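Each reported figure results from applying straightforward, stated rules to the coordinates on display, with no laboratory input. Predicted model, so just to flag it, every value in this text is computed and none were measured. Backbone-built Cβ (ideal geometry, glycine too); neighbour counts: all protein chains shown.
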Amino acid sequence: MYELWPGATESIDPTAFDGALSDDIRALIDHETRLVLGRNKAGTLELKIDARGLWGRVKINPSDQDAMNLYARVERGDVDQCSFGFDIIKEDTDWREDGSVHWTIEKVKLYEVSVVTFPAYEDTSVAARKKDFEQVKARQAQAWRESMKARLKKWH
């Protein structure tokens, strides 16, 4: 339940994302289109629906300083929530006897998901997975060692 303004609320139906996850969707930092963390079309963003709602995983690019800075903020707990950008395809409006109104979003066109400082929906979360990060760093170190060996062989 999200209060748009006093007397006006909205919620998202659990099926609102059905059929929307196969579109070309980006993961962003604070809805900034220039700060792309991942993209489902590229295989760097995974999205699915689970019992809590929309779930996602981004493969962080260790060569992207913006992504690594955000990762550090998430790991420390300074940033820990998410948001998403979408168009409403279908909604139900409930005009209540007390003069308030409630919209239930039933179907959306999803464009992006974002790790954000201030989400509209407070019941969101994001977590840094240090083990995964350490595995990426180990693979990078191994790739660097192999490239150095290849360069040395080329010189001899």
Calc'd 3J(HN,Hα), segment 30-46, phi into Karplus 6.51 cos²θ - 1.76 cosθ + 1.60 (θ = phi - 60°), Hz, glycine/Pro = x, comes to 6, 6, 7, 5, 7, 10, 8, 8, x, 8, 5, 4, 8, x, 9, 10, 10
Output wanted: per-residue J couplings in Hz (rounded whole) for segment 65-77, from phi through Karplus 6.51 cos²θ - 1.76 cosθ + 1.60, θ = phi - 60°, x for Gly and Pro.
5, 4, 5, 5, 5, 5, 3, 5, 5, 5, 4, 6, x
Qualifying trypsin sites (Lys or Arg not before Pro) in segment 33-122, DSSP loop, other Cβ atoms within 10 Å at most 13:
ARG52, ARG96
Cleavage-rule hits (GluC sites (Glu not before Pro)) in segment 36-125: DSSP loop, at most 16 neighbouring Cβ within 10 angstrom
GLU97, GLU122
If amide H atoms are modeled at 1.01 Å from N in the peptide plane, then the residues at a separation of 5 or more from GLN81, or on another chain, having amide H under 5 Å from its own are VAL116, VAL126
Could you check the simple spin-label distance between GLU32 and ARG57, using points 7 Å along Cα→Cβ, in nm with one decimal?
2.7
Lysine pairs meeting the criterion (Cα under 14 Å, 8 or more apart or interchain), as found in the chain:
6
Here the gain from full extension of TRP144 to ASP64, 0.36 nm per residue of separation minus their alpha-carbon distance, amounts to 27.1 nm
Connecting C-alpha atoms closer than 10 Å in a GNM of the chain, tell me which of TRP103, TRP55, TRP144 has the biggest fluctuation.
TRP144
Give the calculated FRET efficiency between SER100 and SER22 to the nearest 0.05, with a Förster radius of 35 Å applied to their Cβ-Cβ distance.
0.45
To the nearest 10 degrees, how steep is helix 130-155 against the longest Cα principal axis of the chain, on a 0 to 90 scale?
30
If you take every DSSP beta bridge fully contained in the chain, what fraction is antiparallel? Give it as a percent rounded to 5.
75
Charged-residue dipole, Cβ positions (Lys, Arg, Asp, Glu), segment 2-128 about Cα centre, Debye nearest 20
700
Can you give me the Cα centroid spacing of segment 1-53 and segment 56-85 in angstrom?
15
With the dipole of the chain worked out from charges on the C-beta (+1 for Lys and Arg, -1 for Asp and Glu) around the Cα centre, which of GLN81, ALA51, LEU28 lies farthest toward the positive end?
LEU28
Of the residues ALA67, ALA16, ALA42, which exhibits the maximal mean-square fluctuation in a Gaussian network model of the chain defined by a 10 Å Cα contact cut-off?
ALA42
Percent relative contact order for the chain, counting Cα pairs under 8 Å at least six residues apart, stands at 27
Quick one: P(r) of segment 2-128 from all Cα-Cα pairs, 10 Å bins, percents rounded to integers, in order of increasing distance.
12, 41, 31, 13, 3, 0
